[in-house]
Amino acid sequence: ESPHLKNFIDKNDFDTVYFEHLSYFSIFPLAVLCAKRGLILQDVTHHDIHGGSVRCHVTRTGQQSEQVKAYIKAELDGGYDKLPVYKTWAAKIAWVLGDFMALVARLNSEGKKVAGFAASAKGNTLLNAAGMGAKDILYLVDETPEKIGKFSPGTGIPIISFDQFIQGPPDYLVILSWNFWDEIVSKCRKAGYKGQFVNPLTCEIL
């Protein structure tokens, strides 16, 4: 089981790349590899975790399922076996990061307080890719006791508790664990937070 490369690129989930997630499989080359070793990539099932993962079933006998054929067709039709897709994706990442950096810079220049929610691995990847630090993001809110009072690696942004956040709320809260957007927004609103939320990948403000 692995995050699916096509899902990963289509959804622009570049911030999910960190020490635990270094492999993103594509079905076409996996099928070729299996065939070269006398194996058959017999079936593929989709799972929503990590933005879209695939569970691959490999056997010594049998035939490829229609699901495997459909995955391979989608990858080849989309050009995922060629370099241009990856060059375009790299440009898209740069564009997303540029927009996020510009938004945070603008909010800071207006005298707004900007903080982040979740001292998560994906959040750390995003903040480091954007070259941000404590001058850009005041603090990160987290509910893991072991993280509170420490600093986000590479950025030096202090990590505070949820209670501290509620006592001194920022004007804008960047949700770094965007995959839990609804849950985080609901929890913060119920606790009395009246500021606005920012999606760092789309720069949408709620």
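The values are calculated or read from the model by the stated rules, or taken from the named source; none is laboratory data. None of the values given here were measured: they were computed from a predicted structure. Backbone-built Cβ (ideal geometry, glycine too); neighbour counts: all protein chains shown. The accessibility values were calculated without ligands, DNA or RNA, using every heavy atom of the protein model including side chains. Shrake-Rupley method; radii C 1.70, N 1.55, O 1.52, S 1.80 Å.
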- Message: Helix-only mean residue ellipticity at 222 nm, the chain, DSSP H runs n ≥ 4 weighted -39,500 (n - 2.57), per residue, nearest 500. What is it?
- Response: -12000 deg cm²/dmol
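Are there trypsin sites (Lys or Arg not before Pro) in the range 40-72 that DSSP marks as loop and that have at most 15 other Cβ atoms within 10 Å, and which are they? Walk me through the numbers on the way to the answer.
Numbers: sites: 55, 60, 69; in loops: 60.
In loop regions of the range 40-72 (DSSP not H, G, I, E or B), the sparsely surrounded trypsin sites (Lys or Arg not before Pro) are 60.
At a 1.4 Å probe radius, carbon and sulfur cover how many percent of the accessible area of the range 115-200? Before the final figure, lay out the partial values.
Working: 2140 of 3900 Å².
It is 55 percent, rounded to a whole number.
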- Message: So for the range 98-175, averaging the separation of alpha carbon pairs under 8 Å that are six or more residues apart and normalising by length, what relative contact order in percent results?
- Response: 35 percent
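What is the antiparallel percent of DSSP beta bridges lying wholly in the chain, to the nearest 5?
Working: 12 of 24 bridges.
DSSP beta bridges in the chain are roughly 50 percent antiparallel.
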- Task: If a/c stays under 1.5 just call it rounded; otherwise compare a/b with b/c (prolate if a/b is bigger, oblate if not). Do that for the chain, with a ≥ b ≥ c from the square roots of the Cα gyration tensor eigenvalues.
- Result: prolate
- Message: Let me check against my output: what whole-number percent is the relative contact order of the range 130-206, with C-alpha pairs under 8 Å and at least 6 apart?
- Response: 23 percent
- For the range 81-198, what is the accessible area per residue in Å², given a 1.4 Å probe and the full set of protein chains? 51 Å²
- Query: How much of residue 32 can a 1.4 Å solvent probe reach, expressed as accessible area in Å² and rounded to 10?
  - Reply: 60 Å²
- How high is the relative contact order of the chain, in percent, counting Cα pairs under 8 Å that sit 6 or more residues apart? 16 percent
- Report the one residue of 31, 52, 8 whose Cα lies farthest in the direction of the positive end of the charge dipole of the range 1-56 (charges on C-beta: Lys and Arg +1, Asp and Glu -1; origin at the Cα centre). 31
- Task: Would you list, by chain and number, the lysines whose Cα falls below 30 Å from the Cα of residue 69, excluding same-chain residues fewer than 8 positions away?
- Result: 6, 11, 36, 82, 87, 92
- What does the accessible area of residue 122 come to, in Å² to the nearest 10, when a probe of 1.4 Å is used? 20 Å²
- Query: If each of residue 196 and residue 183 carries a label point 7 Å out from its Cα toward its Cβ, how far apart are those two points in nm?
  - Reply: 2.7 nm
